[in-house]
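Inspection log for the structure reproduced underneath, given as structure tokens.
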Amino acid sequence: MDKVALSFSTNAKLEKLIGRELITNNIIAIFELIKNSYDAFAHNAIVSFEGFDISSKDLGKVRHSERVISNVDSRIIIKDDGVGMSFEEVKTKWMEIGTTSKENTYIEKSLYSSEDKRVINGEKGIGRFGADKLGSLLRLISVGADGYEKTTLEIDWNKFDDHEKKIQDIDFDCYVERCTIPQKTGLTLEISLLRDKWTIADIVKLKNHLKKLISPFAQEQERFQIYLEYSKNDIERIVNDSFEYATTGIIANIDQYGLMKYEIYTALESECKEIKLVPPGFGPLKLQILYMDKAAKNAFTRRTGTTTKDYGNIKVFRDDFRVLPYGEKENDWLGIDNKHAQGAFRTFGTRDLVGYVQISKIDNPILKYFVKYRTDLLIFTVSTIIRHF
Ligand SMILES: Nc1ncnc2c1ncn2[C@@H]1O[C@H](COP(=O)(O)OP(=O)(O)OP(=O)(O)O)[C@@H](O)[C@H]1O
Ligand SMILES: [Mg+2]
């Protein structure tokens, strides 16, 4: 018997599986690219719709929402002011599938700048293929190495359609420029030959989704902002204002020992209390749940264009971004409607509550080590709070 060593090899189809099939829609694709900007310590990420026939005024016009606003020349450009990548980094991080560059949970703040530390989102090494989902041509322009190196890479994703080829045999043109005067660092992704026709409704959907995906706390701290740009002077910031409509609610803070301090408030009064959760459950954790009465629901719909039922209920944010699908429409992860039907929560069902639970990957090590139980723990903790409502 002969002993031989065998290894896997990959043909070009793999890229297609990751890019166009794993990243399931345009919204997730843009969100992945925005999360990369955040991970790169950007303060701003701007998504520009170049050559789209749209202005921010069109977004409220339900009647014309199916109008196609993109054409063959339209481009989506995502630009950030993060640390960017040097040519070497483009080669070893961007061009390597499943790269492990972000395996540490958070990147040392002083590694790049004097900035605060950030809890990094990236872990799978596939988010960049969102660019492929959006359009078949990508021009990547990266200024890295503290501003002294500009790398331009042109990727034609359709080259991967030749499944006879090995993935590493498909190459692209790349230009490197050394700058004598330092430039602003960051990454720009210019995506053209869009795969889908975009309508006004798609932009409205994107805007509403992005709003739901940023934590209200992140925006409080103003450390990262997302903008949508429709034309040169028509630009709007994405703000998560979904939790501002109700006058009745509960705000709670739980520390790591299970001590919960909470405030229940209405338009007229508020009451602060403290209890010890037994068993301690899940902490530290912050939470706000709002009770949406009829007036609050109406205000919500007027301002956001969606009903609270469609918006979903209590959402979970880990650090600065959403954890899906908790709190999506019809995702009753706390079993509120069930308990409502059984009479346990007499006054409300999911459609009467909106809110958020804020946890952190770093402060809740339990998240990492007890993957199997974390949802149970979270449900236990949040349900206990709701019972006090
Ligand atoms: N905007 C950016 N600025 C600087 N570097 C970036 C940017 N976007 C991507 N990169 C680099 O390219 C790598 C690949 O990004 P990709 O999104 O595919 O993977 P990831 O972020 O590590 O993991 P995940 O798939 O979970 O997002 C990143 O790890 C990072 O090193
Ligand atoms: Mg990523």
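Please determine whether any residue of the range 282-292 is more than 28 Å from the chain's Cα centre (by Cα) and assigned to a strand (DSSP E or B). First the steps, then the outcome.
Kept after step one, since they are more than 28 Å from the chain's Cα centre (by Cα), are these residues of the range 282-292: none.
Taking every residue of the range 282-292 in turn, none turns out to be more than 28 Å from the chain's Cα centre (by Cα) and assigned to a strand (DSSP E or B).
Of all residues in the range 182-211, count the ones that are more than 16 Å from ligand 1 (Cβ to nearest atom), farther than 20 Å from Asp310 by Cα and among the aliphatic types (A, V, I, L, M).
Of the residues in that region, 2 qualify.
Pull up the range 237-253, narrow it to residues that are aliphatic (A, V, I, L, M) and modelled with pLDDT of 85 or more, then point me to the one that is surrounded by the fewest Cβ atoms within 10 Å (Cβ to Cβ).
Ile251
Kindly indicate the residue of the range 158-176 that is touching an Asp or Glu at 6+ places or on another chain (Cβ under 7 Å) and modelled with pLDDT of 95 or more and also surrounded by the fewest Cβ atoms within 10 Å (Cβ to Cβ) among those meeting that condition.
Of the range 158-176, the ones touching an Asp or Glu at 6+ places or on another chain (Cβ under 7 Å) are 160, 167, 172-173, 176.
Adding the requirement that they be modelled with pLDDT of 95 or more leaves 172-173, 176.
Working: Phe172: 13, Asp173: 9, Val176: 14.
Looking at the filtered set, the residue picked out is Asp173.
Only one of Asp73, Asp58, Asp2, Asp53 is farther than 30 Å from Tyr148 by Cβ and part of a helix (DSSP H, G or I); which?
Numbers: Asp73 fails: part of a helix (DSSP H, G or I); Asp2 fails: part of a helix (DSSP H, G or I); Asp53 fails: part of a helix (DSSP H, G or I).
None of the other options fit; the residue is Asp58.
Looking at the range 54-71, can you tell me whether even one residue there is within 22 Å of Asn158 (Cα to Cα) and touching a residue at least 12 places away in the same chain (Cβ under 8 Å)?
So in the range 54-71, the residues within 22 Å of Asn158 (Cα to Cα) come out as 70-71.
Still in the list and also touching a residue at least 12 places away in the same chain (Cβ under 8 Å): 70-71.
Checking the range 54-71: at least one residue is within 22 Å of Asn158 (Cα to Cα) and touching a residue at least 12 places away in the same chain (Cβ under 8 Å).
Hey, among the residues in the range 39-50 that are within 16 Å of ligand 1 (Cβ to nearest atom) and in a strand (DSSP E or B), which one's surrounded by the fewest Cβ atoms within 10 Å (Cβ to Cβ)? Explain how you work it out, then say what you get.
Going through the range 39-50, the residues within 16 Å of ligand 1 (Cβ to nearest atom) turn out to be 39-48.
After this cut, where a residue has to be in a strand (DSSP E or B) as well, the list is 44-48.
On the way: Asn44: 15, Ala45: 25, Ile46: 20, Val47: 23, Ser48: 20.
This residue is Asn44.
So which residues in the range 254-277 are in contact with a Gly (Cβ under 7 Å, 6 or more places away or on another chain), of a type in the set (A, V, I, L, M, F, W, C) and either modelled with pLDDT of 85 or more or assigned to a strand (DSSP E or B) (or both)?
Within the range 254-277, just Ile254 meets the criteria.
So Ala295 fits all but one of (1) under 30 Å from Ile69 (Cα atoms); (2) not in a strand (DSSP E or B); what number is the exception?
Of everything listed in (1) under 30 Å from Ile69 (Cα atoms); (2) not in a strand (DSSP E or B), Ala295 misses just condition (1).
Examine the range 169-182 for a residue that is within 27 Å of the chain's Cα centre (by Cα), not in a loop (DSSP other than H, G, I, E, B) and not hydrophobic (A, V, I, L, M, F, W, C), and state whether such a residue exists.
Start the filter on the range 169-182 by keeping residues that are within 27 Å of the chain's Cα centre (by Cα), which leaves none.
The answer is no; no qualifying residue exists.
Which of the residues belonging to the range 19-38 are near ligand 1 (Cβ under 9 Å from one of its atoms) and surrounded by fewer than 21 Cβ atoms within 10 Å (Cβ to Cβ)?
Of everything in the range 19-38, those that are near ligand 1 (Cβ under 9 Å from one of its atoms) and surrounded by fewer than 21 Cβ atoms within 10 Å (Cβ to Cβ) turn out to be Glu32, Lys35.
When you go through Glu103, Glu66 one by one, which is the residue that is at pLDDT below 90, near ligand 1 (Cβ under 10 Å from one of its atoms) and more than 20 Å from Arg139 (Cα to Cα)?
Only one candidate qualifies: Glu103.
With the requirement that a residue be modelled with pLDDT under 95 and closer than 17 Å to Ile235 by Cα, what does the range 45-63 give you? Outline the logic, then answer.
In the first step, residues of the range 45-63 are kept if they are modelled with pLDDT under 95; the result is 53-63.
Matches in the range 45-63: Asp53, Ile54, Ser55, Ser56, Lys57, Asp58, Leu59, Gly60.
Go through (1) within 16 Å of ligand 2 (Cβ to nearest atom); (2) over 16 Å from Thr92 (Cα atoms) one by one and return the number of the condition Ile126 breaks.
Result: Ile126 passes all but (2).
Before we move on, is Glu274 closer than 20 Å to Val357 by Cα, exposed (fewer than 13 other Cβ atoms within 10 Å of the Cβ) and either touching a strand residue (DSSP E or B) at 6+ places or on another chain (Cβ under 8 Å) or in contact (Cβ under 8 Å) with a residue 24 or more places away in the chain (or both)?
Details: closer than 20 Å to Val357 by Cα: yes; exposed (fewer than 13 other Cβ atoms within 10 Å of the Cβ): yes; either touching a strand residue (DSSP E or B) at 6+ places or on another chain (Cβ under 8 Å) or in contact (Cβ under 8 Å) with a residue 24 or more places away in the chain (or both): yes.
For Glu274, the condition - closer than 20 Å to Val357 by Cα, exposed (fewer than 13 other Cβ atoms within 10 Å of the Cβ) and either touching a strand residue (DSSP E or B) at 6+ places or on another chain (Cβ under 8 Å) or in contact (Cβ under 8 Å) with a residue 24 or more places away in the chain (or both) - is met.
Please go through the range 221-236 and give me each residue that is surrounded by fewer than 16 Cβ atoms within 10 Å (Cβ to Cβ) and closer than 11 Å to Ile46 by Cα, ordered by number.
Tyr227, Ile235, Glu236
Restricting the first residue to the range 194-218 and requiring it to be in a loop (DSSP other than H, G, I, E, B), which pairs with a second residue that is surrounded by fewer than 19 Cβ atoms within 10 Å (Cβ to Cβ) and at pLDDT 90 or above meet a Cβ separation below 6 Å and a spacing of at least six or different chains?
Lys197/Val68
The values are calculated or read from the model by the stated rules, or taken from the named source; none is laboratory data. Quick caveat, the model's predicted, so the values are computed rather than measured. No Cβ is skipped: glycine too gets one built from the backbone with ideal geometry, and neighbour counts run over all protein chains shown.
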